[in-house]
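The values are calculated or read from the model by the stated rules, or taken from the named source; none is laboratory data. This one's a predicted model, so the numbers in the text were calculated from it and none came from an experiment. Cβ: placed from backbone, ideal geometry, glycine included. Neighbour counts: every protein chain shown.
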Amino acid sequence: MTLAPDTFTFVADLVRQRSAIQLEAGKEYLVESRLLPLARDAKAGSVDAYVRALRGVPQQREYDRVVEALTTNETSWFRDVSPFKALTDHVVPELLGARPGTSSLRIWSAACSTGQEAYTIGMSLLDSAPNLRVQITATDLSEEVLTRGRSGRYSQLEVNRGLPAPMLVKHFTRVGTDWEISQRLRSQVTFSKNNLLHAPPVGGPYDVVFLRNVLIYFDLATKRDVLRRVRGVVRPGGFLFLGAAETTIGIDDGWERIPVGRSSVYRLNARRAA
């Protein structure tokens, strides 16, 4: 069934208002596939009928479910690999070298989905700097994915997506047909709900922020606002990780691009970040 134009327009407007993510024309198939389970839960005959009911009697919790369904993005372990190598081989040594005596770091994993990125950061640092105290704040719009991340439990299919076998053996325990991450790693990560359009989460100031594969969904003005808010909670000399297709160049000159191996990181430029 083809989604009605007014259904798509309503959903796209709702998602844009609440998350700033732009659903362009041509994404009707995505809206229909993501909202079909919600329509079935509501005993609606179709996605169009489900959305018509929402428009007739606004329900804030159901609106939240619609936005969450359309803003839950792709995730995997050690995604793209190079950012985590840059973290352990370049960023952490530079941060510790700039602050002699420092034995702890605070990291924000934004748009963390079900937690694979946050736990990947934890595993990387635990293996490379076992005496370093690490506090990771993992945030997302969706309470559903945050609950999954807090559980620290993943299916065989999920651990097969990018997790090296030695890491699985070292940091996970088999629980029935699932795998559960170690208590030590879980204790390093705090999951909380956060909308990037609003104030950053408590837990800062942060030494490192991972904001990967998020800005690509925003318009230019929103990108600038998000990067400005991130700057406000990063320590002087702190670092920002973006996705391979993202940059601060031409958007926010408070950051300095640093080439590291096959990737880049962005360092807060204290002289230009004010």
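Criterion first (over 17 Å from the mean Cα position of the chain (by Cα), surrounded by fewer than 13 Cβ atoms within 10 Å (Cβ to Cβ) and of a type outside the set (Ser, Thr, Tyr)) does residue 153 satisfy it?
Considered against the rule, which asks whether it is over 17 Å from the mean Cα position of the chain (by Cα), surrounded by fewer than 13 Cβ atoms within 10 Å (Cβ to Cβ) and of a type outside the set (Ser, Thr, Tyr), residue 153 comes out as no.
Could you tell me which of the residues 182, 192 is more than 15 Å from the chain's Cα centre (by Cα) and among the polar types (S, T, N, Q)?
None of the others qualify; the one that does is 182.
Quick one: which residue in 75, 71, 88, 102 is touching a Cys at 6+ places or on another chain (Cβ under 9 Å), closer than 30 Å to residue 152 by Cβ and not acidic (Asp, Glu)?
Residue meeting the stated conditions: 75.
Only one of these conditions is not met by residue 44: (1) touching a residue at least 12 places away in the same chain (Cβ under 8 Å); (2) in contact with a Phe, Trp or Tyr (Cβ under 8 Å, 6 or more places away or on another chain). Which number is it?
Exception for residue 44: condition (1).
Quick one: count up the residues across region 90-146 that are farther than 20 Å from residue 231 by Cβ and assigned to a helix (DSSP H, G or I).
22
Among the residues of region 147-184, count how many are on the phi > 0 side of the Ramachandran plot and either in contact with a strand residue (DSSP E or B) (Cβ under 9 Å, 6 or more places away or on another chain) or not in a loop (DSSP other than H, G, I, E, B) (or both).
1
Within region 96-106, can you find the residues that are of a type in the set (A, V, I, L, M) and at pLDDT 95 or above?
105
So which strands (runs of 3 or more DSSP E) are wholly in region 189-269 and hold at least 3 residues that are within 21 Å of residue 115 (Cβ to Cβ)?
Because the criterion is at least 3 residues that are within 21 Å of residue 115 (Cβ to Cβ), the strands (runs of 3 or more DSSP E) in region 189-269 that meet it are 189-193, 206-211, 234-242.
Would you mind telling me which numbered condition in (1) without any contact (Cβ under 8 Å) to a residue 40 or more places away in the chain; (2) in contact with a helix residue (DSSP H, G or I) (Cβ under 7 Å, 6 or more places away or on another chain); (3) not assigned by TED's automatic domain parsing to the domain that holds residue 122 residue 102 fails?
It fails just one condition, (3).
Can you name the residue in region 1-21 that is touching a residue at least 60 places away in the same chain (Cβ under 8 Å) and in a helix (DSSP H, G or I) and is also farthest from the chain's Cα centre (by Cα) among such residues?
18
For region 78-89, which positions are assigned to a helix (DSSP H, G or I) and either modelled with pLDDT under 90 or among the hydrophobic types (A, V, I, L, M, F, W, C) (or both)?
Correct list: 84, 86, 87.
In region 31-72, what count of residues is obtained for those that are surrounded by fewer than 18 Cβ atoms within 10 Å (Cβ to Cβ) and among the aliphatic types (A, V, I, L, M)?
Looking only at that region, the number is 5.
Quick check on residue 81: is it of a type in the set (A, V, I, L, M) and without any contact (Cβ under 8 Å) to a residue 24 or more places away in the chain?
Working: of a type in the set (A, V, I, L, M): yes; without any contact (Cβ under 8 Å) to a residue 24 or more places away in the chain: yes.
Answer is yes for this residue.
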